[in-house]
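Just below is one structure, and these are the notes that go with it.
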Amino acid sequence: MSHPLYVAFIWHQHQPLYKSRIAGEYRLPWVRLHGTKDYLDLVLLLEKYPKLHQTVNLVPSLMMQIEDYAAGTAFDPYLSMALMPTDMLDQTQRQFIIEHFFDANQRTLIDPHPRYAELYGQRQDKGRPWCLENWTDQDYGDLLAWHNLAWIDPLFWEDAEIDQWLKQGKGFSLSDRQRIYSKQREILGRIIPQHRQMQDRGQLEVTTTPYTHPILPLLADTDAGQVAVPQMALPQKRFQWAEDIPRHLLKAKQMYGDRFGCAPRGLWPSEQSVSPMMLPYVAEQGFQWLCSDEAVLGWTIHHFFHRDATGNVQEPELLYRPYRLHTPQGDLSIVFRDHRLSDLIGFTYGAMEPQRAAVDLVGHLEAIARSLKSHQPEQCTTLENPWLVTIALDGENCWEYYTQDGKPFLESLYQILSDHSGIQLVTVSEFLDQFPATVVLPSEKLHSGSWVDGNFTTWIGDPAKNRAWDLLAEARQVLANHPEATEENNPEAWEALYAAEGSDWFWWFGEGHSSNQDAMFDQLFREHLVALYQALNEPVPAQVRRPVEVHEERGDHRPTSFIHPVINGQGNEQDWDKAGRIEVGGARGTMHQSSTVQRLWYGVDHLNFYLRLDFKTGTKPGVDIPPELHLLWFYPDRPMSNSPAPIAEVPDEQPVNYHFHHHLGINLMTQATWFQEAADHYQWHSRASRAQVAFNTCLEVAVPWADLHLVQPDWSLRLVMILADEGRYVSSLPENALIPVDVP
């Protein structure tokens, strides 16, 4: 029997609990705004392609918040100001609006709307004080309206009212803003019923997550952090409350049943985090399958997944199948996602032309099918076994980087897949019903890890993250000291605990991730703990009143996510927000010969390596700074031809005296480039390059991975830069160091 290549898309819809248990209102607006932009349209688009089946995961704490907003009982400061007469806004509120009502992707959510772009341009060009001094009440009224309108998905723009507002553009009244809010509630109110409708028809499978998105392995035992990272520094207080696992699972199951009229079959463990200890609880609640990441599978079977030069897995039979886990409470199936394919949608395709991106993804799926066929005996031209490719990712945040919120990309992709005879989209349960998992993974050997590198370092091990775990452990023990406080007679205490156990707070603490709302996430976490103590009539410890960490601008740091900047020499702050940064001059001033360079930024996506250099204002190449910049790539522990830097008078000092394999030269005055590759006998050979360079207020560079043609996915490499004058060494960047680069 021949088979198509089966593909399971799983979209994960989640936001943390933003409602303050102290103030009684939501601190941040992201459930409301993502609710009008990302949740309903995703499944409405799919509905137009009935042959395509998918899975959507709705986190219980997200559903609660959606329903709260839809009912008109949820308010946040952003919404309250939008519904306020502009002449009643005080100075503090006006400052807040100027600072935060452009919290959106400039290119996709601001620039397409002329009035919104005009106001943003004034803030950027003339500065925040100028806006505060000169903006009229109408300027504020228009900004309040556009902050909400821009987040309404393009799928809804044909609505008569929305179309009228978009055409109106400016001059928005309080009545207009009130009607926009009503439209938001209308969209929000359709989200969960639409998911149920499509599940009842069989096109969709809706799954769930532990109640408030906690990491179950760490609830069971924070020592689980040392499974993947034995040297990890753990919190002072060991958190061991496995009994909270069934509570989160049961509440999730009950909420699901109330809204969908049946029991959930699939579980998306928070952050795709799994461990042997959690499995019996999952099976006991009746779940049939769960999803995790390829890194967890790799650790479990002691296998590193190799990828070819195009990024496709070379051992497809290991990854593209479900596995079975035995537990005393019953068997579970588990699927592991293709990390790279998921990341392409999540972080890279938004920077590509939509049709090209859709074709690229289908091309990867076709390549997987060809690879599986090539591994069959007798060169069969059809797939003789049922294989399942799982693509699982965040279903909301990525679309902010796509043209029209991803609509052109998804329409192109869905049309290609609808017409494709060799690929069939299925829900996970559909596949398992027809092709049950047969290969067993010993449950006790299941790796304890998450989707992030197969470990838990994103949520534990950092000093700030560990301090938060200590605060949580103390609060949990206080609750345990009150056996009379049950979920029935003191739900406030338990709900506060569940909220504080959510993973999101730990994500933002310490190194690794940062946003302009870090202080608010810190505050929300501690407000949940305060509410727990207050519900028990216990004094609130002083340390709970203090921030977990000091929130200030970060200095040097590694990249926190993929980036895809437009290379125009402008240094757009949003483009480089998640890039790595190294301070060079100014703040630290370590460079004596080229202190005009202030800092450098670097990052990657699946297409390019990116670099940016910031200079002192007015810096002129050839006058204030040497006219040449040389990028030299060093590949540690990789056997290949290498040569000394093709630059005269290089000092015999590390790392500039290393031998390198690739070299990109840039004439900063003309922005011309030349590219070379090392050969035998310390030779350099010229090669074609598609590198992009732009020098305006800063220098921006994009180097395609295709130029560095020997580089393989998951390699680590290093970069050094040399400033030169007519081919003679002047100085290096960063001084006495290499820039670490991880190839995606």
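The values are calculated or read from the model by the stated rules, or taken from the named source; none is laboratory data. All figures in this text were calculated on a predicted structure; none of them were measured in a lab. Note: ideal-geometry Cβ built from the backbone for every residue, glycine included; neighbour counts use all protein chains shown.
Some values worked out for this structure:
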item: Residues of the stretch 202-211 classified as under 10 Å from H53 (Cβ atoms) and either in a helix (DSSP H, G or I) or not charged (D, E, K, R) (or both), total; result: 3
item: So E726, is it farther than 24 Å from P565 by Cβ, surrounded by fewer than 21 Cβ atoms within 10 Å (Cβ to Cβ), touching a Ser or Thr at 6+ places or on another chain (Cβ under 9 Å) and touching a residue at least 24 places away in the same chain (Cβ under 8 Å); result: no
item: Single residue of Q376, Q404 found to be over 17 Å from K51 (Cα atoms) and modelled with pLDDT under 95; result: Q376
item: Some residue of the stretch 348-362 being without any contact (Cβ under 8 Å) to a residue 60 or more places away in the chain, crowded, with 22+ Cβ neighbours inside 10 Å and closer than 25 Å to T438 by Cα; result: no
item: Lone unmet requirement of (1) touching a residue at least 60 places away in the same chain (Cβ under 8 Å); (2) part of a helix (DSSP H, G or I) for P193; result: (1)
item: Residues of the stretch 34-56 that turn out to be more than 23 Å from the chain's Cα centre (by Cα) and of a type in the set (D, E), as a count; result: 1
item: Matching residues, the stretch 507-553, being assigned to a loop (DSSP other than H, G, I, E, B), out of contact with any strand residue (DSSP E or B) (no Cβ under 8 Å at 6 or more places or on another chain) and among the charged types (D, E, K, R); result: E538, R546, E549, E552, E553
item: Qualifying position, being more than 21 Å from L708 (Cα to Cα), at pLDDT 90 or above, among the acidic types (D, E) and assigned to a strand (DSSP E or B), among D614, D652; result: D614
item: Filtered residue count, the stretch 107-131, keeping only those that are within 19 Å of T697 (Cβ to Cβ), surrounded by fewer than 19 Cβ atoms within 10 Å (Cβ to Cβ) and either in contact (Cβ under 8 Å) with a residue 40 or more places away in the chain or among the aromatic types (F, W, Y) (or both); result: 1
item: Residue match in the stretch 481-497 (condition: in contact (Cβ under 8 Å) with a residue 12 or more places away in the chain, surrounded by fewer than 17 Cβ atoms within 10 Å (Cβ to Cβ), within 19 Å of Q240 (Cα to Cα) and over 30 Å from the mean Cα position of the chain (by Cα)); result: yes
item: All positions within the stretch 311-339 that are at negative phi and in a loop (DSSP other than H, G, I, E, B); result: N312, Q314, E315, Y320, R321, P322, H326, T327, P328, Q329, D331, D338
item: Residue within the stretch 672-679 that is touching a residue at least 60 places away in the same chain (Cβ under 8 Å) and surrounded by 18 or more Cβ atoms within 10 Å (Cβ to Cβ) present; result: no
item: Elements of type helices (runs of 4 or more DSSP H) in the stretch 405-493, at least 1 residues being basic (K, R) and out of contact with any His (no Cβ under 7 Å at 6 or more places or on another chain); result: 407-419, 463-480
item: Failed item, numbered, when R690 is tested on (1) surrounded by 14 or more Cβ atoms within 10 Å (Cβ to Cβ); (2) closer than 18 Å to V566 by Cα; result: (1)
item: Qualifying residue in the stretch 167-187 (condition: touching a strand residue (DSSP E or B) at 6+ places or on another chain (Cβ under 8 Å), surrounded by fewer than 21 Cβ atoms within 10 Å (Cβ to Cβ) and not assigned by TED's automatic domain parsing to the domain that holds A500); result: no
item: Looking only at the stretch 340-383, and only at residues there that are outside any helix (DSSP H, G or I) and over 18 Å from F305 (Cβ atoms), the one that is nearest to the chain's Cα centre (by Cα); result: M352
item: R115 vs. criteria part of a helix (DSSP H, G or I) and in contact with a Gly (Cβ under 7 Å, 6 or more places away or on another chain); result: yes
item: When residues of the stretch 54-83 are limited to those that are aliphatic (A, V, I, L, M) and not in a helix (DSSP H, G or I), the one surrounded by the most Cβ atoms within 10 Å (Cβ to Cβ); result: L58
item: Whichever residue in the stretch 135-166 is in a loop (DSSP other than H, G, I, E, B) and in contact (Cβ under 8 Å) with a residue 24 or more places away in the chain and, among such residues, is surrounded by the fewest Cβ atoms within 10 Å (Cβ to Cβ); result: D159
